[in-house]
Amino acid sequence: LVLFDPETLEEEVVESDPEGRVDLGFAAFSIATDELVATVYQDQKKRTYYRDAATQADQEFLEEKLPGSDVSVTSATLDDQSWLVLASSDVDPGTLYRFDRRTRQLDREYLVRERLPREHMAELTPIEYRSSDELPIPAYLMLPKGAVPKRLPLVVLPHGGPNARDTWGFKNLPQFLANRGYAVLLPNFRGSTGYGKAFLNAGNAEWGDKMQDDLSAGVRYLVKAGTVEAERVGILGGSYGGYAVLAGLAFTPELYAAGVSIVGPSNLITLLESIPPYWEAGRILLYTRVGNPSTPEGRAKLERQSPLHSANRIRASLLVAQGANDPRVKKAESEQIVRALRDHDLPVEYLLAEDEGHGFARPMNNMAVFAAVERFLAKHLGGRFQEDAPEDVTARLAELRVDPALLV
């Protein structure tokens, strides 16, 4: 956190992480006085450092009243005496309260997603393991609630971006997968944000290489610990996570029994050559983060890092889902890998939504896609799936399915 004077151009460092682990999460200011009252750092869990005694006292009072929750102020009145407070956790999407700082009266406003059965939610546990070059990789592990943590099927869930990160809290997709009987690994591989510039820049031009090693190391760590059964490991992701799925199946075929790629690029050169106009200002940064196709060396490396060129090495079954109107990862990225697997007589399923872009926004499409995903994972990893899907979901899934033999 830096105080910057735009007239003199002078900078004054206010604070950085006292533990030297992560970037500044955010700075909290009083709406009444504009004074800095706290700094927050998102480590494996959130850490807060207070600069105002009254704010600290009220926050500690709330945490005592709402134990086990991540308590955050979402809004305040102009005099900063009445707060809206959200209390949430890894097993609870949250409850909203109104808090009167003068009287310390705490009133519940509403339960977020009131139909969700909190008692069936699984905990999200921070873990850390070392990659192939001994770099520590922060991650989260979710185990099915009530399951014995031995020889479980695993789904690796790399986040998109890739310059983003997973945090502790309530997460929909991991909860869905854990409910179906899977252990779920959420790795913050190198190139993830929040852990400093060195960790971020360690991912530069490492797509499919060390960034993929960080995922593979997590699988091997859990197998060695006995938590996961080596023969029942799958990988699922969207956008960069979808690329990681394809790279995992192509470059480490011995690790995975199944993969689900959602809007995942298969060829890094065609990905970079199809940059949408609104990304043009970031082309140089993309060339730094992904690779530069304008030099012979850079182009050769990008070809090697593209799963499409190693499609013949894939052995696991693959499910691909794509939005036809995706401006970032064109549908050609999905269809060229589907065609390649088809031509090598390898098992592949393809879902295409004509009314979607980069990801699936329409509820019915999401329902249909994940009805297919849970059945696919159950077939190859042995988890549970819901057999009695609603008729409209089943009908929509039939519309999304594309026969790979028809692709030209």
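Using a probe of 1.4 Å, the accessible surface attributed to Asp403 totals some 80 Å² when neighbouring protein chains are kept in position.
Per-residue ellipticity at 222 nm from helix content only, as computed over the chain with -39500 (n - 2.57) for each DSSP H run of at least four residues, stands at -8500 deg cm²/dmol. Taking one quarter of the surface of the convex hull spanned by the alpha-carbon atoms of the stretch 1-48 gives a direction-averaged projected area of 4.0 nm².
Can you tell me what percent of all Cα-Cα pairs in the chain are more than 30 Å apart? Please list the in-between numbers first.
Values: 39910 of 83028 pairs.
Cα-Cα pairs of the chain separated by over 30 Å account for 48 percent.
Projection of the Cα convex hull of the stretch 240-364, averaged over all directions and equal to a quarter of that hull's surface, yields 8.0 nm². Legend: distances between Cα atoms for Lys150/Lys379; Lys224/Lys301; Lys171/Lys210; Lys145/Lys171; Lys171/Lys330; Lys331/Lys379; pairs beyond 22 Å are Lys224/Lys301; Lys171/Lys210; Lys171/Lys330; Lys331/Lys379.
Using C-alpha pairs under 8 Å with a sequence gap of at least 6, the mean separation divided by the residue count of the chain gives a relative contact order of 10 percent. A 1.4 Å probe run over the protein chains yields, for the chain, 48 Å² of accessible area per residue, whole-number rounding. The equivalent ellipsoid that matches the C-alpha gyration tensor of the stretch 192-262 spans semi-axes of 22, 15, 10 angstrom, in descending order. Modelled label positions at Glu297 and Phe4, each set 7 Å beyond Cα in the direction of Cβ, lie 3.3 nm from each other. Of Ala340, Ala258, Ala250, which has the largest mean-square fluctuation in a 10 Å C-alpha GNM of the chain? The residue with the greatest mean-square fluctuation here is Ala340. Across the accessible surface of the chain, with the other protein chains kept in place and a 1.4 Å probe, carbon and sulfur atoms take up 52 percent.
Multiplying each eigenvalue of the alpha-carbon gyration tensor of the stretch 263-312 by 5 and taking the square root yields semi-axes of 19, 14, 7 Å, largest first, rounded to whole angstroms.
Could you tally the net charge around Glu63, taking each other residue with its Cβ under 14 Å from the Cβ of Glu63, Lys/Arg +1 and Asp/Glu -1? Before the final figure, lay out each step's value.
Details: positive: Lys45, Lys46, Arg47, Lys65, Arg104; negative: Asp58, Glu60, Glu64, Asp70.
Once positives and negatives cancel, what remains is +1.
How large is the translational diffusion coefficient of the stretch 32-136 in µm² per second when you combine the Kirkwood radius over alpha carbon pairs with Stokes-Einstein at 20 °C and 1.002 mPa s? Could you put the intermediate results ahead of the total?
Numbers: Rh = 15.8 Å.
Estimated via Stokes-Einstein, D reaches 136 µm²/s.
Highest-first packing order for the peptide set 48-60, 232-244 is 232-244, 48-60, based on the mean count of other beta carbon atoms within 10 Å.
Using DSSP to define loop residues, name the trypsin sites (Lys or Arg not before Pro) in the stretch 347-392 whose beta-carbon has at most 13 other beta-carbon atoms within 10 Å.
Details: sites: Arg375, Lys379, Arg384; in loops: Arg384.
Passing sites in the stretch 347-392 are Arg384.
When both the stretch 185-216 and the stretch 35-80 are represented by their alpha-carbon centers, they are found 31 Å apart. Under the combined filter of DSSP loop state and at most 11 neighbouring Cβ atoms within 10 Å, the stretch 240-317 retains these GluC sites (Glu not before Pro): Glu254.
The GluC sites (Glu not before Pro) found in the stretch 311-385 that occupy coil by DSSP, while having at most 15 further C-beta atoms within 10 Å, are Glu354. If each Cα of the stretch 340-408 is one equal point scatterer, what is log10 of I(q)/I(0) from the Debye formula at q = 0.20, 0.21, 0.23, 0.27 Å⁻¹? Once normalised to I(0) and log-transformed, intensities are -0.93, -1.00, -1.10, -1.22.
The values are calculated or read from the model by the stated rules, or taken from the named source; none is laboratory data. Remember, predicted model here, so these are calculated numbers, not experimental data. All Cβ positions, even for glycine, are placed from backbone atoms using ideal geometry, and neighbour counts span all protein chains on display. These accessible areas exclude ligands, DNA and RNA; they are computed on the full protein's heavy atoms, side chains included. Shrake-Rupley method; radii C 1.70, N 1.55, O 1.52, S 1.80 Å.
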